[in-house]
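K.L.:
Supplied in structure tokens, the structure appears directly below.
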Number of protein chains: 2
Amino acid sequence: MNIGEAAAASGVSPKMIRYYEEVGLLPSAARTASGYRSYGESDIHRFRFVRRSRDFGFSMEQIGNLLVLWADRARPSKEVKEIALAHVAGLDEKIRHLTELRDVLNHLAHQCHGDNRPECPILQDLERPA
Amino acid sequence: MNIGEAAAASGVSPKMIRYYEEVGLLPSAARTASGYRSYGESDIHRFRFVRRSRDFGFSMEQIGNLLVLWADRARPSKEVKEIALAHVAGLDEKIRHLTELRDVLNHLAHQCHGDNRPECPILQDLERPA
DNA sequence: ATAAACCCTCCCATCATGGGAAGGTCAAGA
DNA sequence: TCTTGACCTTCCCATGATGGGAGGGTTTAT
């Protein structure tokens, strides 16, 4: 299978497949005589795994670790769970931070008349020292 | 005031002050005879405005627009409010997305035994086609 | 045989930030 | 006055994940 077909079948773009190979997240692809990368079903499977992991927001480093566990039939599920829960904690932190920003900004915005007058509590807040 | 002092006073690093100047977010700084950038109180004030806007997560483009309004004593607060609410909407969207990811992943993680056995619903989910 | 649609590698751009090199300037102390 | 260290300047490079595109080779279908 060509890289284009593999991309269509897995949802990972050719550009990204090459990139993942280059940085060592994926093994070097087999090549045809003319130098084209050639993939099989198990490669597609792996690409899909990476794609879905990215969709979940895992970093490439975490995905690397997940791929190793995925390939290891004797993996302890404990290790997978650890990675997942670490990512959940990271997401929690981001959500908490963004929510705080949103709430403060939303509060300020609702205090602003939003008409043609220049007075604006949003600008007043922004010029405050941090 | 030197760039280092201005940085310390405003919370914006020298690197970022130069960068903001380079990309046009901030006006070109006055220079001493020997070429050092020289700043006054109003510059510090402006840097703080940018710093706090960044802390709120505004993009540089949004900050550019905010700076124009900030400098305009006749601005309609309506325009400021619009920018702020657009950013709030963006934050809402991000929060919604991250929360969904977190919830799905958290659910999967809690279904995983997390012991020495290899069975793992997290890995099972990750290998699913998107 | 030719044209379209692939593929290859290599370089550049993003966005906001930091690191660091090579070289000039300023201030404080001996 | 000289030296030293802490500044400053510009320029280049790196991040993380992704896309765009150029220049050139290959495959496939008409």
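K.L.:
Using only Cα atoms, find the angle between the long axis of helix B:41-55 and the longest principal axis of chain B, and express it within 0 to 90 degrees, rounded to the nearest 10.
P.N.:
Here the helix axis deviates by roughly 10 degrees.
K.L.:
Per residue of segment B:99-113, what does 6.51 cos²θ - 1.76 cosθ + 1.60 with θ = phi - 60° give for ³J(HN,Hα)? Whole Hz please, x for Gly and Pro, Karplus curve as stated.
P.N.:
5, 5, 4, 4, 5, 4, 5, 5, 4, 4, 4, 6, 8, 8, 4
K.L.:
Under the definition of partner shielding as Cβ atoms of other protein chains within 10 Å of a residue Cβ, what is the mean value for peptide A:111-120?
P.N.:
6
K.L.:
Okay, moving on. With 10 Å bins from zero, work out the P(r) of chain B over every alpha carbon pair and list the percent per bin.
P.N.:
Per 10 Å bin, starting at 0, the Cα pair percentages come out as 10, 28, 20, 14, 14, 10, 3, 0.
K.L.:
How well do other chains shield peptide B:87-95, expressed as the mean number of their Cβ atoms within 10 Å of each residue Cβ?
P.N.:
Rounded to a whole number, the mean comes out at 5.
K.L.:
Right, another one. Starting from the coordinates of the alpha-carbon atoms of segment A:55-130, obtain the Kirkwood hydrodynamic radius over all distinct pairs and give the value in Å to one decimal.
P.N.:
One over the average 1/r among Cα pairs gives 16.1 Å for segment A:55-130.
K.L.:
What number, rounded to the nearest 500 deg cm²/dmol, is the helix-based mean residue ellipticity at 222 nm of the protein assembly as shown, given -39500 (n - 2.57) per DSSP H run of at least four residues and division by all its residues?
P.N.:
-21000 deg cm²/dmol
K.L.:
Just how large is the dipole of the protein assembly as shown about the Cα centre, in debye to the nearest 20, putting +1 at every Lys and Arg Cβ and -1 at every Asp and Glu Cβ?
P.N.:
About 380 debye.
K.L.:
If I take every Cα pair under 8 Å that is 6 or more residues apart in segment A:1-76, average their sequence separation and divide by the length, what percent do I get for the relative contact order?
P.N.:
Computed over segment A:1-76, the figure is 30 percent.
K.L.:
Just need the relative contact order of chain A here, percent rounded to a whole number, with Cα pairs under 8 Å and 6+ apart.
P.N.:
After rounding, I find 16 percent.
K.L.:
With 5 Å bins from zero, work out the P(r) of the protein assembly as shown over every alpha carbon pair and list the percent per bin.
P.N.:
Going from the shortest bin to the longest, the percentages are 1, 5, 10, 11, 10, 10, 10, 9, 9, 9, 7, 5, 2, 0, 0.
K.L.:
Find the Cα radius of gyration of segment B:29-87, compare it with 2.2 N^0.38 Å by division, and give the number to two decimals.
P.N.:
Rounded to two decimals, the normalised Rg is 1.35.
K.L.:
Then there's this: With chain B treated as a Gaussian network of Cα nodes joined by springs under 10 Å, which of B:GLU100, B:GLU119, B:GLU22 yields the largest mean-square fluctuation?
P.N.:
Judging by the Gaussian network model, the answer is B:GLU119.
K.L.:
Can I ask one more? Counting only other chains, what is the mean number of Cβ atoms within 10 angstrom of the Cβ of each residue in peptide A:54-60? Walk me through the numbers on the way to the answer.
P.N.:
Numbers: counts 1, 3, 8, 5, 3, 0, 0.
Partner Cβ neighbours, averaged per residue: 3.
Coordinate-derived values only; no laboratory data. For clarity, every value in this text was computed on a predicted model and none was experimentally measured. Ideal geometry is used to build each Cβ from the backbone, glycine not excepted, and the neighbour counts take in all protein chains shown.
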